Every structure is written in C-alpha cells, then in structure tokens.
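Visitor: Once you've had a glance at the structure underneath, I'll fire off some questions.
Laboratory data are not the source of any read-out in this text; all were calculated from the coordinates shown. Model, not experiment: these values are computed from the prediction. Cβ coordinates were reconstructed from backbone atoms using ideal geometry, including for glycine residues, and neighbour counts include every protein chain displayed.
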Amino acid sequence: MRTSPPIERLVAGLKRLPGIGEKSATRLAFHLLGAPDATVRELSDAIGRLKQDTVLCEECFDLTDASPCALCRDPKRDSQAVCVVEEPADLAAIERSRRFHGRYHVLGGALSPIDGVGPGDLRIAELEERVRGGGVREVILATNPNAEGDATAHYICDRLQPSGVGLSRIAYGMPLGGDLEYADHVTIGLSLDNRQKVG
Amino acid sequence: MAGIRTEAVVLRSVDFAESDRIVHLLVPDTGRLTAIAKGARRSVRRFPGTLDLFNHLRVQLQTRRSGAMARLEQATLIESFTPLRHETRRFAIACYLLEVLDRLAPEAGARDDMRRLFRFALAALRAAATRKPDARLRVLIELRALEALGLRPELRRCVRCAAELGGAAQVDFHVADGGTLCGRCAAPLDGLLRVHVGTLRALEQGLRFDFEHLDRLVLGPVALAESRQLVGRFQRFHVGVDLRSERFLNEMLPA
C-alpha cells in the first residue's frame, strides 16, 4: 500500500520499537492520524522529553527525574538494607509488593557471558563501593531466579562476603495460585527445602 | 505441521515480544533447532521453570516447512544441573560450552553424529556441574566439544605425511593443518607451536576417558599451559568466530 511520506516516516519509526511489526506500526499511525490534536501533541511532547528529563539516580541507579531519586531521599526508608535488582522494572515490581522499606541498587542487567555481559558491564563495583562506604547492614539479592540471575547473585555474594555485610537471597518456591501438578521438580524441591512453620 | 516429542538441551533463551520466548535447543536426532514458545513468560502450566539455560528437557514441538521456526508446545524438566548457577567458574565453563554448541552444531546433521553430540552435551554439562571447575576441566571440555563437532586435532601422527612421530621429547603442532608434524614436514613452515609429546598423550587420554574418570588424568603445570595454548589456538582458527563467553571464562579461570 502506498502512503504519504509523513505516515511512512512514522511507521518506519514505530517499527523500530520492540514487538511492533509493519502491521501494528501502520495501525498505530492511522490511529494517531484520527486522534484529537491535543492527544497527539501530548504523546509527542512526552516522547520528546523522555530522554532529556530522565537521569540515573547517582545512588541506586534507578531511572528518575532528579538525582538522588525520591526513594533514596526518603528519610523514612531503611538506608541499612539494600535490595539488589537487575532492572528498574524489577525495582518497580518489588515496590508494588509494599513489603520492602529499604533502599535499592539497580545492576543494569545480569551476568550473561553468551551475550558478552561480564561483571564490568554491570554496576557491581559501585555496589561494592557502597558497602565498603559503611552503613549497610544487609544486602538482599533479588536478581531473577533464572540461570543468569542466580549466577549473578552468587558472584556478588562471593565479592561481598569478605566485607562481613549480611547477605540474603529472595526465596524460591511455589507461586501463589500455582498448581503442584504442573510445577517442575526443582521448584517443588526448593519449596520443601524452604518450607515455613505454621501455627 | 508435524509433531515431535523429543529430549532437548536449552542452549539459549531470549525474550520475544510481550510474552513469548525464543529458544535454541539441541535435540538428539537432528542437532540444533530454534523454536518459539508462545506465551512462555506468562504460562505456569506449559513451561513451568523449564526454558532456562542448561536445562535438559522433554519437549513437544510442532515443526513447519523446512527453515521455518518450530513451535514449542510443551516442556517438562528432566535435569537442571543446578550447581552451574551456584558457582561462577562452573557457570563460565557451561556458558562457553553452550555458546560453542549454539554456534557450531549443525541444524540437520546425520542422526548418529547428532545423537553422539547430544550425549556429549549432557555428559559435559554434568561434568561442569560436578567436577572441580579448574583449568584442566576447561581445556578438556573445550577439546572434547571440538571433537564432538567433528574438529578433532591430530595428536599422534604427522598430519601431512601420516608418519609416526619419532621418539623426540617435543614436536611441532601446526594449527592451520590441524595437527602435529614430523620434522621433515615442519621444516619449511612458520608459526608452529612446540609441544611436549607428554602433553599430546595427556590430551589423547582426555579424549578417551569418560568424564567420570577425568580425575585420573594428570596435567602438570607445563602440560596444562601447552594444552591451553594448543586447544585455544586450534579453536580460534578452526571455529573462525570470536566466542563472546570466552572473555568471561578467561576472567573466571585465568591462565
């Protein structure tokens, strides 16, 4: 289908986004063409300001509009407990749980030798520096429970152990609403290993 | 569309679109194949904790026309080689092994060769998970991976004239030719690697032994250094690609 150059330009730009193919990009472009001017301007402004208004927090390396971020500035949060996550989206997921009231450290990924990602590509040295600087009682390793996340947690554990800081790993086990019949035997085994007393 | 039930080892697992995952699998009958697991990141029933690196699975696949990506319908875990995640040197060796297999395993090899390759992959993952993760294990897994992929170096005869190597303590190894050379064939060549015959015999033993008996193999410091140089140069020349996981492996198991 032949379309005008402005539509083609937008389709080409949208196609570069993850998960968006030619058809979805064309559908979005025509949707925007039919949307009110104010809606399109709002979206355009938001995209335009995204990069210039987003910075990395100098303490936890989360994405924020001001550094240090609101979480690191909050005096009510426990600055002695640091939860280590791979990505900002993981931090947001833990915040949604409302069970952790300490601070964070965003690594920027996990060890992935096959993709060429080693310790120097993550913010592990910055975490070590933070722990060496004092004032940290516990580091909670909340990297994903997959091969790369586990290996990253163990690597960090080896690096931080000499400092004497308390180290813990998020628990493994059955998900809420899960079904034992469909769970793999490793998860079931870990659920039994990490069982808790009731009553 | 044809349905297949087979065993598989996960060589690579990449998130795709909203909730899918693309996996590279090594399967016993045909070698390497790529499959898409639709909704894998959301489904707790079809793919419970399965599509992770190193996992040995039983899978159900739908294959379409030749060259098209297969569709992974279901996967159950047989073995996860858990220690590979809990020790950084084991993780480094196993990632290197997976990358070699992912880059070099054929997509439609001869059935017997592919079955041998699959058995090697499982044995090597088990060795990486249970044997001492040191430079000796690294070099032997590297060498045996090359052999399993049909790239075995000649270690006993002259690779050019097939003459038995004499009683010298050291001989020349020519990387481009893929093996040792007798004195006469070696004379006009440059870039030869001088190695002790004892190192070559140890490497031959390393190719013969089951992984369970690797502890019997003694590689002294000189033999280990020569082995690493020989296998490393042979691998780089014949594989012809830079393996991304090698940098991490060198960091975790320095020479």
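Visitor: What's log10 of I(q)/I(0) for the protein assembly as shown at q = 0.09, 0.13 Å⁻¹, Debye sum over Cα points only, no solvent?
Guide: Relative scattering, expressed as log10 I(q)/I(0), comes to -0.76, -1.26.
Visitor: Still on this structure: Apply the Karplus curve 6.51 cos²θ - 1.76 cosθ + 1.60, θ = phi - 60°, to the phi angles in the range A:84-89 and return the couplings in whole Hz, x for Gly and Pro.
Guide: These are the phi-based 3J(HN,Hα) values: 9, 10, 6, 10, x, 5 Hz.
Visitor: Sticking with this structure for a sec: Taking every DSSP beta bridge that has both residues in chain B, what percent is antiparallel when rounded to the nearest 5?
Guide: Of those bridges, close to 90 percent are antiparallel.
Visitor: Still on this model: Projecting each Cα onto the charge dipole of the range A:51-199 (Lys/Arg +1, Asp/Glu -1 at the beta carbon, about the Cα centre), which of A:114, A:88, A:134 comes out farthest on the positive side?
Guide: A:134
Visitor: Hey, what's the Kirkwood Rh for chain B if you take every pair of different alpha carbons, in angstrom?
Guide: Roughly 19.5 Å, rounded to one decimal.
Visitor: Could you work out the relative contact order of the range B:25-147? I mean the mean sequence separation of Cα pairs under 8 Å and 6+ apart, divided by the number of residues, in percent.
Guide: It comes to 32 percent, rounded to a whole number.
Visitor: I need the shape label for the range A:1-160. Rule: rounded when a/c is under 1.5, else prolate if a/b > b/c, else oblate, with a, b, c from the alpha carbon gyration tensor.
Guide: prolate
Visitor: With a 10 Å cut-off between alpha carbons and a GNM built on chain B, which of B:12, B:144, B:216 moves the most?
Guide: Comparing B:12, B:144, B:216 in a Gaussian network model of chain B, the most mobile one is B:216.
Visitor: If packing is taken as the mean number of other Cβ atoms within 10 Å per residue, what is the order of B:191-197, A:59-65, A:183-189, A:146-152, highest first?
Guide: Descending packing order for the listed peptides: A:146-152, A:59-65, A:183-189, B:191-197.
Visitor: Also, I was wondering about something else. When the dipole is taken about the Cα centre of the range B:2-80, and only Lys, Arg (+1) and Asp, Glu (-1) are charged at their Cβ, what size is it in debye, to the nearest 20?
Guide: 280 debye
Visitor: Projected onto the charge dipole of the protein assembly as shown (+1 at Lys/Arg Cβ, -1 at Asp/Glu Cβ, origin at the Cα centre), which of A:48, A:105, A:190 gives the Cα projection farthest towards the positive end?
Guide: Working it through, the farthest residue towards the positive pole turns out to be A:190.
Visitor: With +1 on the Cβ of every Lys and Arg and -1 on the Cβ of every Asp and Glu, and nothing else charged, how large is the dipole of the range B:1-150 about its Cα centre, in debye rounded to the nearest 20?
Guide: 260 debye
Visitor: Hey, what do the phi angles of the range A:8-19 turn into as Karplus ³J(HN,Hα) couplings, whole Hz, using 6.51/-1.76/1.60 and θ = phi - 60°, x for Gly and Pro?
Guide: 4, 4, 5, 4, 4, x, 5, 4, 6, 6, x, x
Visitor: Let me ask something else. Rounded, prolate or oblate: pick one for the range A:79-129, where a ≥ b ≥ c are the square roots of the eigenvalues of its C-alpha gyration tensor, a/c under 1.5 means rounded, and failing that, prolate if a/b is larger than b/c, else oblate.
Guide: Oblate.
Visitor: For the protein assembly as shown, give me the percentage of DSSP beta bridges that are antiparallel, rounded to the nearest 5 percent.
Guide: 70 percent
Visitor: Let me ask something else. Which value in deg cm²/dmol, rounded to the nearest 500, describes the helix-derived mean residue ellipticity at 222 nm for chain A, given -39,500 (n - 2.57) per DSSP H run of n ≥ 4 and division by the residue count?
Guide: The helix contribution divided over chain A gives -13000 deg cm²/dmol.
Visitor: Ordered by residue, what ³J(HN,Hα) values in Hz, to whole numbers, does the range B:143-155 give under the Karplus form 6.51 cos²θ - 1.76 cosθ + 1.60, where θ = phi - 60° and Gly and Pro are x?
Guide: For the range B:143-155, the Karplus-derived couplings read 5, 6, 5, 4, 4, 4, 8, x, 10, 7, x, 7, 10 Hz, x marking Gly and Pro.
Visitor: Another question, then. Across peptide A:146-155, what mean number of C-beta atoms from other chains lies inside 10 Å of a residue's C-beta?
Guide: Per residue, the average neighbour count from other chains is 6.
Visitor: Can you pull the mean other chain C-beta count within 10 Å for peptide B:89-98?
Guide: Across B:89-98, the average partner-chain Cβ count within 10 Å equals 3.
Visitor: State, as an integer percentage, the relative contact order of the range A:55-169 based on alpha-carbon contacts under 8 Å between residues 6 or more apart.
Guide: With pairs under 8 Å counted, the relative contact order is 24 percent.
Visitor: Only bridges whose two residues both fall in chain A count here: according to DSSP, what percent of them are antiparallel, nearest 5?
Guide: About 20 percent, rounded to the nearest 5.
Visitor: Then there is this: Taking Rh as the Kirkwood radius computed over C-alpha pairs, what is the Stokes-Einstein D of the range B:1-56 at 25 °C in a medium of viscosity 0.890 mPa s, expressed in µm² per second?
Guide: After rounding, the answer is 210 µm²/s.
Visitor: Quick one: helix B:88-104 against the long Cα principal axis of chain B, what's the angle to the nearest 10°, folded into 0 to 90?
Guide: With rounding to tens, the tilt is 90 degrees.
Visitor: If the only charges are +1 at each Lys and Arg Cβ and -1 at each Asp and Glu Cβ, what is the size of the charge dipole of chain A around the Cα centre, to the nearest 20 debye?
Guide: The calculation lands at about 440 debye.
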